[in-house]
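A.B. asks: Quick one: the structure is below, questions incoming.
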Protein chains: 2
Amino acid sequence: MSSQHHSAPRLLEKAITNPGAVKINVEGAFIVDEDPRSKSPVRTEGVHYEGSDIRLPHHTGLVSHVAVDIGGSLAKLVYFTREIDSSDVGGRLNFMLFETHRIDLCIEVLKQLKEEYVRLHGPSPTELCVVATGGGAFKYYDKLKDALKVNIIREDEMQCLITGLDFFVTEIPNEVFTYSETEPMQFAEARPDVYPYLLVNIGSGVSMIKVSGPRQFERVGGTHLGGGTFWGILSLLTGARTFDEMLAMADSGDNSGVDMLVGDIYGMDYSKIGLKSTAIASTFGKVFRMKNDAEEAASNGEEPDVTFKNEDMSRSLLYAISNNIGQIAYLQSEKHQVKHIYFGGSFIRGHRQTMNTLSYAIRFWSKGEKQAYFLRHEGYIGAVGAFLRRQPVNWGRRTSLDGTTAPPDKETFDGHPKDHAL
Amino acid sequence: MSSQHHSAPRLLEKAITNPGAVKINVEGAFIVDEDPRSKSPVRTEGVHYEGSDIRLPHHTGLVSHVAVDIGGSLAKLVYFTREIDSSDVGGRLNFMLFETHRIDLCIEVLKQLKEEYVRLHGPSPTELCVVATGGGAFKYYDKLKDALKVNIIREDEMQCLITGLDFFVTEIPNEVFTYSETEPMQFAEARPDVYPYLLVNIGSGVSMIKVSGPRQFERVGGTHLGGGTFWGILSLLTGARTFDEMLAMADSGDNSGVDMLVGDIYGMDYSKIGLKSTAIASTFGKVFRMKNDAEEAASNGEEPDVTFKNEDMSRSLLYAISNNIGQIAYLQSEKHQVKHIYFGGSFIRGHRQTMNTLSYAIRFWSKGEKQAYFLRHEGYIGAVGAFLRRQPVNWGRRTSLDGTTAPPDKETFDGHPKDHAL
């Protein structure tokens, strides 16, 4: 489906019916796998740069905004740059990640982007503006405004997610994929029936949004067992400091070191209801018995031996949270009669076990009827949505970032429907 | 509904159509709130005796079996005794609880029951038998057999749960109730449409069973985030040793000490989608930011101050697990078109916060359309079911436990349908 491109007539029609829509020319957009720092004007240490920019080879208009999606734990930044070291027209979307508690660092980068913008265009009535979404757009509104002294435009989080996902699904080739152990990244085929779908966005918490059409969506549910739960519990149990450290531990762990399996209860399969002995019966359920056994041993003067490996606990919790989200997503998709389920959000991080568990859960519960879809820019759906929901202020009449004159774009992405009431 | 009694004709009809059914006379059964140790012939220290026996005032037949439901963490025992210190006919069901890792203690009690039985009846061809269910019926089969030298009859766990729940719902007054903060135990009214219902059994793990009729059931799902998860994670995080200690901590905790609330992300309500600032966004989601802030403070030479209270963590996890089960139960009830949801299993333990959270989740997700039901003997549903599924071997022709002659019972509980293929 990621290879499904809008035909020119359809886009033209959109541009006509939505004259105020965002005019980011996404024709021929594709993912560039190289070090983005070689292209970016921003050079700040301690910041995570994504390695997969999106090239927009035909966008020539001035882009006078950057977008930031400030979540509970992470802030995601998207900005547009011209190709610096080449004579190529067009430009690219750059992606950066910050921890929300270091919002000062994010603001620092925004300041640099503003300075770069002023360097190219001078102080003008068309100042750079920041499109902000996520809860932090509200919580840090004053802070952003005071520090940057630019216009801060707030966009609704759910609307941005939908705009962003629609863009990724319909415009970017090799963006959406399915996961299986034998084929970890099988790019999804184009399909005509985009809607309805369910978007499951896994950040600190989890939101599930049913999307029935380009402008129709509803948050149908979610769960507060999400990425924040994984990080929080594991950091307390294992002392690990980063998400990547936790995922690496999970990779080498064995959840049966802490999980109670069906076989631990039955001593065999519970075949009457189709539960294999290796199925998880209770996450962390082995701790009770092992601790009690150790206490008994200690009271008998024996050396108590009860240790739980950090690796095993990490794997257990990764399974538990992914599985749980998978089950709830499936049940919501049934309730709301949706076949296709997209998983996004920074929790996934392209991690194989996570995607494997989510995929397995959807296949298992749906008896193979439904499938989990993932995105290479899974963490930036909301930020890209926020970016696309703004029309460059002076689109079609002023010079672009690198000073060239920008003609009106003919093919644009309809990211900012005026008729949707938030 | 707990006050809905079978009419004599209906029970007679049952006894006729199911001549091999269990002949435990449940007519006029009721709950006795007194210390069961004053009545029980068993006196073993270190064992949990329930305080609410069930009197069966009209059961006079010999009962030659006891029942045990051995789960992943807990073993539940049910046995019948005559009234020892009175001239009353009938008898009572007694309830006892063991930790499964101390199965030796459970076996010790079973030995005492066998000795008591032999004392009353002498060694006879009608030996006491043990009806066992739960995974431990399989895992500990040889151990039970070797230690007790009695017949061990295994019954399917799901079937026992259904038999037990049907018994509690239809025969025992003041057993089933709904919970609300203003009325913590409102006994459920009789209702004619018993079926279909969903039974959510919360032990170490969670099973959800759709019951469409007295002999029709299907395990539709479950979750491995259950009582074992609560105990396991909290024992590792807080050092607490017993479930009751953990529940007591939860009572005095404030989950917002560790949970990320909507207000922590937004600084306000997220009113567009109806999420209040006090809603939980991410369980344990505050840990990430607080730990990182503390590290930063430490790197600046300040005193890092990051402690998470055991009470807050306990409350957070109790909320999370109860809420999650509530949501999945609701979604399963929707998928399977079931209105009434019963929550059983030893996790609940009559604990107010747990029942409040489960009740709230069902009301919230169903927009008030559905309700959560609880049982006073919530932990013993499977054990009682196992007990009722056996017909006393010599029913109607031999002497009873206390030596009196037992006439055939006229009104019996149809607990052992022969026509159900497991």
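A.B. asks: If B:T229 meets every condition in (1) among the hydroxyl-bearing types (S, T, Y); (2) over 19 Å from B:F387 (Cβ atoms); (3) away from every other protein chain (no Cβ under 14 Å); (4) part of a helix (DSSP H, G or I) apart from one, which number is that one?
C.D. replies: It fails just one condition, (3).
A.B. asks: Quick check on my filter: what residues within region A:248-276 are part of a loop (DSSP other than H, G, I, E, B) and modelled with pLDDT under 90?
C.D. replies: Within region A:248-276, A:G267, A:M268, A:D269, A:G274, A:K276 meet the criteria.
A.B. asks: Can you tell me which residues in region B:342-366 are under 12 Å from B:G203 (Cβ atoms) and open to solvent by 40 Å² or more (accessible area, probe 1.4 Å)?
C.D. replies: B:R349
A.B. asks: Of a type outside the set (D, E, K, R), under 19 Å from the mean Cα position of the chain (by Cα) and surrounded by fewer than 24 Cβ atoms within 10 Å (Cβ to Cβ): is that true of B:F138 in this structure?
C.D. replies: no
A.B. asks: Are there any pairs with C-beta distances below 9 angstrom linking a residue in region A:338-362 that is over 10 Å from A:F374 (Cβ atoms) and in a strand (DSSP E or B) to a residue that is among the aliphatic types (A, V, I, L, M) and open to solvent by 10 Å² or more (accessible area, probe 1.4 Å), with the two at least 6 apart or on different chains, and if so which?
C.D. replies: What qualifies is A:H340/A:V194.
A.B. asks: A:F217 is checked against (1) at pLDDT below 95; (2) within 17 Å of the chain's Cα centre (by Cα); (3) aromatic (F, W, Y) and fails just one. What number does that condition carry?
C.D. replies: Condition (2) is where A:F217 drops out.
A.B. asks: May I pose another question? Out of (1) at pLDDT below 95; (2) open to solvent by less than 10 Å² (accessible area, probe 1.4 Å); (3) in a strand (DSSP E or B), the odd one out for B:A67 is which?
C.D. replies: Looking at each condition in turn, B:A67 falls short on (1).
A.B. asks: Just name the residue that is most open to solvent (accessible area, probe 1.4 Å) out of those in region B:264-279 that are facing another protein chain (nearest Cβ under 7 Å) and of a type outside the set (F, W, Y).
C.D. replies: Of everything passing the filter in region B:264-279, B:K272 is most open to solvent (accessible area, probe 1.4 Å).
A.B. asks: Another one. If I go through region B:233-254 residue by residue, how many of them are within 10 Å of another protein chain (Cβ to nearest Cβ), touching a residue at least 12 places away in the same chain (Cβ under 8 Å) and open to solvent by less than 20 Å² (accessible area, probe 1.4 Å)?
C.D. replies: 2
A.B. asks: Another question about this same structure. Would you check which residues across region A:87-105 are away from chain B (no Cβ under 14 Å), without any contact (Cβ under 8 Å) to a residue 60 or more places away in the chain and within 22 Å of the chain's Cα centre (by Cα) and list them?
C.D. replies: A:N94, A:M96
A.B. asks: So how many residues does region B:367-392 have that are open to solvent by less than 40 Å² (accessible area, probe 1.4 Å), touching a residue at least 40 places away in the same chain (Cβ under 8 Å) and away from chain A (no Cβ under 14 Å)?
C.D. replies: The qualifying residues number 16.
A.B. asks: Moving to a separate point now. Across region B:194-209, what is the total count of residues that are touching a residue at least 60 places away in the same chain (Cβ under 8 Å) and either β-branched (V, I, T) or part of a loop (DSSP other than H, G, I, E, B) (or both)?
C.D. replies: Qualifying residue count for the region: 8.
A.B. asks: Answer yes or no: is there a residue in region B:280-297 that is open to solvent by 10 Å² or more (accessible area, probe 1.4 Å), over 18 Å from A:T238 (Cβ atoms) and more than 10 Å from every other protein chain (Cβ to nearest Cβ).
C.D. replies: yes
A.B. asks: Please find, within region B:200-224, the residue that is surrounded by the most Cβ atoms within 10 Å (Cβ to Cβ) out of those that are over 26 Å from B:H101 (Cβ atoms) and away from chain A (no Cβ under 12 Å).
C.D. replies: For region B:200-224, the residue satisfying everything is B:V211.
A.B. asks: Only one of these is open to solvent by 50 Å² or more (accessible area, probe 1.4 Å) and not β-branched (V, I, T): A:F168, A:F187, A:F177. Name it.
C.D. replies: A:F187
A.B. asks: Tell me the residue from A:G326, A:G385 that is within 21 Å of the chain's Cα centre (by Cα), in the same structural domain as A:G61 (by the TED database) and not aromatic (F, W, Y), please.
C.D. replies: After ruling out the rest, the residue left standing is A:G385.
The values are calculated or read from the model by the stated rules, or taken from the named source; none is laboratory data. As the structure is a prediction and not an experimental result, all values here were calculated from the model. Glycine gets a Cβ as well: all are built from the backbone with ideal geometry, and neighbour counts include every protein chain shown. Note: areas computed on protein heavy atoms with side chains; ligands, DNA, RNA excluded. Shrake-Rupley method; radii C 1.70, N 1.55, O 1.52, S 1.80 Å.
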